[in-house]
Amino acid sequence: MKKIDYYEFLQISPHADRDTIHRVYRFLAARYHPDNPRSANAEKFSLLTQAYEVLSDPERRAAYDASCELEPPEQPPLSSSIDFMDNLEGETNRRLAMLAVLYYRRRTNPQAPEVSLNEIETRMGFPRDYLDFTTWYLSRKGYICRADNSDFTLTAQGVDYVETQRVSMPILNKLLTSGDAGEEPKAARPAKAASVTITPPPVNGHSKNGSGNGSAQALQPVIDASVALCEERRLTAKDRRTGTRDRRASGRERRSGD
């Protein structure tokens, strides 16, 4: 059963304050009250009272808002984007839509692939009275079968038909690719790597972003230590070929013979 949207029923914003809610309630209560001879509506008055009791209480309103956020958005019926009424093409589209709905359920819930006629009717947005020929044809072809509880399932032959024909049938391919036949979430895109900003070292006491000598002064001890370490390594380096101290580090001229 579809959950009643209290804000939509009252025609107010979800951010409306308590005074607005109270004012709208009094206006609609006068309209729908059973004692109003012109516009009395007991069902709407009962719903109005229920909505007001929830939205006028801060704790109940917060709980109601939280429950609404957890509910997935309702998908529009397939009939809103696919023609089911044309004499010939409409019947073909009804068959493909029903196969797509059953295929989606078979793929996502293989342990319980049954789909009731009521669910098919709701998902397609098409009266079940006009689906009798569709279900008869698909059953005789062996694409679907009907359980004892009247629920429909897609057969292995039906799976083969859907998977082999989707390329040549744009409507079927659209239903399976876009996920309109079910509530399959779109594939998640990989998250972008966090951007890293690299600040270049200061040049001549000035950084690239225009800062002064502060950065250079802060880095000077580190630079001095690095230079000293490199000098020490150079003086103690061994010659790779002779295993002796590096002749370049001896400070003597090779040609001097000393």
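The values are calculated or read from the model by the stated rules, or taken from the named source; none is laboratory data. As the structure is a computational prediction, the values presented were derived from the model and not from experiment. We place every Cβ from the backbone using ideal geometry, glycine too, and count neighbours over all the protein chains shown.
Things to note:
- Residues of the stretch 70-124 that turn out to be among the basic types (Lys, Arg), under 25 Å from LYS3 (Cα atoms) and in contact with a helix residue (DSSP H, G or I) (Cβ under 8 Å, 6 or more places away or on another chain), as a count: 1
- Residue match in the stretch 146-154 (condition: out of contact with any strand residue (DSSP E or B) (no Cβ under 8 Å at 6 or more places or on another chain), among the hydroxyl-bearing types (Ser, Thr, Tyr) and either assigned by TED's automatic domain parsing to the domain that holds ARG105 or not in a helix (DSSP H, G or I) (or both)): yes
- Among residues of the stretch 5-23, those that are touching a Leu at 6+ places or on another chain (Cβ under 9 Å) and small (Gly, Ala, Ser), counted: 1
- Applying the condition of being surrounded by 12 or more Cβ atoms within 10 Å (Cβ to Cβ) and among the basic types (Lys, Arg) to the stretch 121-173 and asking which residue is farthest from THR92 (Cα to Cα) yields ARG146.
Every residue, every condition in (1) closer than 30 Å to ILE12 by Cβ; (2) of a type outside the set (Ser, Thr, Tyr), yes or no:
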{"position": "GLN75", "(1), (2)": "yes, yes"}
{"position": "TYR103", "(1), (2)": "no, no"}
{"position": "PRO113", "(1), (2)": "no, yes"}
{"position": "TYR143", "(1), (2)": "no, no"}
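- Checking each residue in the stretch 1-34 for being under 30 Å from GLU119 (Cβ atoms), assigned to a loop (DSSP other than H, G, I, E, B) and not charged (D, E, K, R) picks out MET1, ILE4, PRO14.
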